[in-house]
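Just so it is clear, none of the values below were taken in a lab; they were calculated from the coordinates. Predicted, not measured: the structure shown is a model, and the values here were computed from it. Cβ: placed from backbone, ideal geometry, glycine included. Neighbour counts: every protein chain shown.
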């Protein structure tokens, strides 16, 4: 009886291991077939284009139109105000000027125009002085809102 | 007596069979099971990769050749500085701006960003109108150029060109 049970047990293990060998062969052939699908050159090219698209998305999201700032200035500068020097920093979205206004009233109107614009975050001015011709020299700083330079 | 001897022999034969065949076959089964589990994991992982590859292939096929070239140019994989310099010259000259100096910084960027940035610094001369046109042209240029700073002073005489300092950044895909 023990001999028969042992023999049957061995037969069972033998059949089971045969089944496992079949599964093993099947898995190996699946791997071979999947490897054929993964052509390294094609995968490399696909990964490159995918990375480039990710870069492009991130870069375009942060791309700003600085020329809008100059157009804003042209539209909103009082005819009796002129600028001596201009510097613009994209990081702070701030433009600093040295400027000349025909008189204090013009200066006040100019500041008021900038302050009331929905595209301006903050206006600062100082360094007021009157030159020989009665013009008011001043320094001006305008911090623009992001909407002005954002791509629409 | 004969029965006992036969039983004993069969018992010994069974023990020998268990020792020499069954136990080694069981060991082989254990090894095979482990190997199959590892192969199954590999197949699963490769299926995921093939699925991802198919998704990327669909995306790739949905983009025209022309757009793929634009994406490559927008943030190229290498700086292509010589080609970029020629394009800067084209951008400036067609807008009536002249550049007196140009400097390129080394590409750098945070590891989490999918791109690197390079600083570009230009010394320019030209009228205010020319500068505005140059800026608009730069903003539409296929290789992205983002202005960092611009500075200029009004000329001593009306109509004279402005002396403009211009710094910007360009991008490079990793």
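Summarised in one figure, the compactness ratio Rg/Rh of segment B:102-148, Cα atoms and Kirkwood Rh, is 1.05. Computed from the C-beta positions of residue A:137 and residue A:51 and an R0 of 56 Å, the FRET efficiency is 0.60 to the nearest 0.05. Computed over the protein assembly as shown, the percent of Cα pairs more than 36 Å apart is 51. Shape descriptor for segment A:2-61: Rg over Rh equals 1.55 (Cα atoms; Rh from the Kirkwood inverse mean 1/r). Within 10 Å of the Cβ of each residue in B:94-107, the mean number of Cβ atoms contributed by other protein chains is 0. Residue by residue along A:58-66, Cβ atoms of other protein chains within 10 Å of the local Cβ number 6 on average. Highest-first packing order for the peptide set B:53-66, B:112-125 is B:112-125, B:53-66, based on the mean count of other beta carbon atoms within 10 Å. Treating each Cα of segment B:1-62 as an identical point scatterer and summing with the Debye formula, the log10 of I(q)/I(0) at q = 0.26, 0.29 Å⁻¹ comes to -0.97, -1.03. Relative contact order for segment A:67-149: 32 percent, from Cα pairs under 8 Å spaced at least 6 residues apart, divided by residue count. With R₀ set to 56 Å, the beta-carbon distance separating residue B:81 from residue A:103 gives a calculated FRET efficiency near 0.65.
Shown for A:104, A:83: other C-beta atoms within 10 Å of each C-beta, ranked fewest to most, produce the order A:104, A:83. Comparing Cα centroids, segment A:7-56 and segment B:103-159 end up 52 angstrom apart.
Relative to the longest principal axis of the Cα atoms of chain B, helix B:23-62 runs at roughly 20 degrees. Relative to the longest principal axis of the Cα atoms of chain B, the long axis of helix B:81-93 makes an angle of roughly 30 degrees.
Across chain B, Cα pairs under 8 Å and at least six residues apart give a relative contact order of 20 percent. Relative intensity of segment A:1-123 on a log10 scale, I(q)/I(0) at q = 0.13, 0.17, 0.19 Å⁻¹, equals -0.78, -0.98, -1.08, per a Debye sum over C-alpha point scatterers of equal strength in the absence of solvent.
Principal axis extents of the Cα atoms in chain B, from largest to smallest and rounded to whole angstrom, are 134, 31, 21.
For chain A, the relative contact order is 20 percent, taking Cα pairs closer than 8 Å that sit 6 or more residues apart in sequence and dividing their mean separation by the residue count.
Note on B:133-140: average number of Cβ atoms from other chains within 10 Å of each residue's Cβ is 4. Comparing mean-square fluctuations of B:69, B:143, B:47 from a GNM of chain B with C-alpha springs under 10 Å, the top value falls on B:47.
Comparing A:24, A:62, A:51 in a Gaussian network model of chain A, where Cα atoms under 10 Å apart are tied by springs, the biggest mean-square fluctuation is seen for A:24. Remark: spin-label model distance residue A:1-residue B:142 equals 8.8 nm, labels positioned 7 Å along the Cα→Cβ axis. Kindly express, to the nearest 10 degrees and within the range 0 to 90, the angle between helix A:104-116's C-alpha long axis and the longest C-alpha principal axis of chain A. For A:104-116 against chain A, the angle is about 20 degrees. Once you reduce segment B:1-46 and segment A:68-119 to the center of their Cα atoms, the two points are 91 Å from each other. Take B:15-22, B:162-169 and order them by the average number of nearby Cβ atoms within 10 Å per residue, most first; the result is B:162-169, B:15-22. Counting other Cβ atoms within 10 Å as a rough exposure proxy, the listed residues A:105, B:91, A:34 run A:105, A:34, B:91 from fewest neighbours to most.
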